[in-house]
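Visitor: Attaching a single structure in structure tokens format; questions to follow.
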Amino acid sequence: MDRTQLVGGKPPVSKAILVTLNALIASDVGFLVGIFAGTMGDLALDAATGVGAGAAAGAFGIGMRVVTFIRSTSHR
């Protein structure tokens, strides 16, 4: 058996795809939180939009930490 070549494995997912997926999921979370806050909290449109944007930013930050952790442990 020729051991000079590496065994073919699955290539890692690119960083751009992970960031894009994270941004899409975070925007969905922010949208849903904004709708929920506007409905349950009886907020005006501006306030509900602010709550949704804050939730999206928080979800994106948490998602980026998760993506960073997954990529750092998958190369070991």
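The values are calculated or read from the model by the stated rules, or taken from the named source; none is laboratory data. Computed from a predicted structure; not experimentally measured. All Cβ positions, even for glycine, are placed from backbone atoms using ideal geometry, and neighbour counts span all protein chains on display. These area figures cover heavy atoms from the full protein model, side chains too; ligands, DNA and RNA do not enter into them. Shrake-Rupley method; radii C 1.70, N 1.55, O 1.52, S 1.80 Å.
Visitor: Is it the case that some residue within region 21-38 is open to solvent by less than 40 Å² (accessible area, probe 1.4 Å), among the polar types (S, T, N, Q) and in contact with a Gly (Cβ under 7 Å, 6 or more places away or on another chain)?
Guide: So far as region 21-38 goes, yes, one or more of its residues are open to solvent by less than 40 Å² (accessible area, probe 1.4 Å), among the polar types (S, T, N, Q) and in contact with a Gly (Cβ under 7 Å, 6 or more places away or on another chain).
Visitor: Determine which member of the set 28, 46 is modelled with pLDDT of 95 or more and more than 20 Å from the chain's Cα centre (by Cα).
Guide: Unique residue meeting the criteria: 46.
Visitor: So, in region 8-17, how many residues would count as being in contact (Cβ under 8 Å) with a residue 12 or more places away in the chain and within 14 Å of residue 64 (Cβ to Cβ)?
Guide: Summing the residues that are in contact (Cβ under 8 Å) with a residue 12 or more places away in the chain and within 14 Å of residue 64 (Cβ to Cβ) in region 8-17 gives 1.
Visitor: When you go through 62, 35 one by one, which is the residue that is farther than 12 Å from residue 22 by Cβ and assigned to a helix (DSSP H, G or I)?
Guide: Of the residues listed, the single one that is farther than 12 Å from residue 22 by Cβ and assigned to a helix (DSSP H, G or I) is 35.
Visitor: Right, another one. Which condition does residue 47 not pass, out of (1) open to solvent by 60 Å² or more (accessible area, probe 1.4 Å); (2) farther than 20 Å from residue 15 by Cα, if it passes all the others?
Guide: (1)
Visitor: Right, something else. Would you pick out the residues in region 18-76 that are without any contact (Cβ under 8 Å) to a residue 40 or more places away in the chain and hydroxyl-bearing (Ser, Thr, Tyr)?
Guide: 20, 27, 39, 49, 68, 72, 73
Visitor: Sticking with this one: Which of (1) modelled with pLDDT of 95 or more; (2) open to solvent by less than 80 Å² (accessible area, probe 1.4 Å); (3) more than 10 Å from the chain's Cα centre (by Cα) is the odd one out, the single condition residue 63 does not satisfy?
Guide: Going through the list (1) modelled with pLDDT of 95 or more; (2) open to solvent by less than 80 Å² (accessible area, probe 1.4 Å); (3) more than 10 Å from the chain's Cα centre (by Cα), residue 63 breaks only (3).
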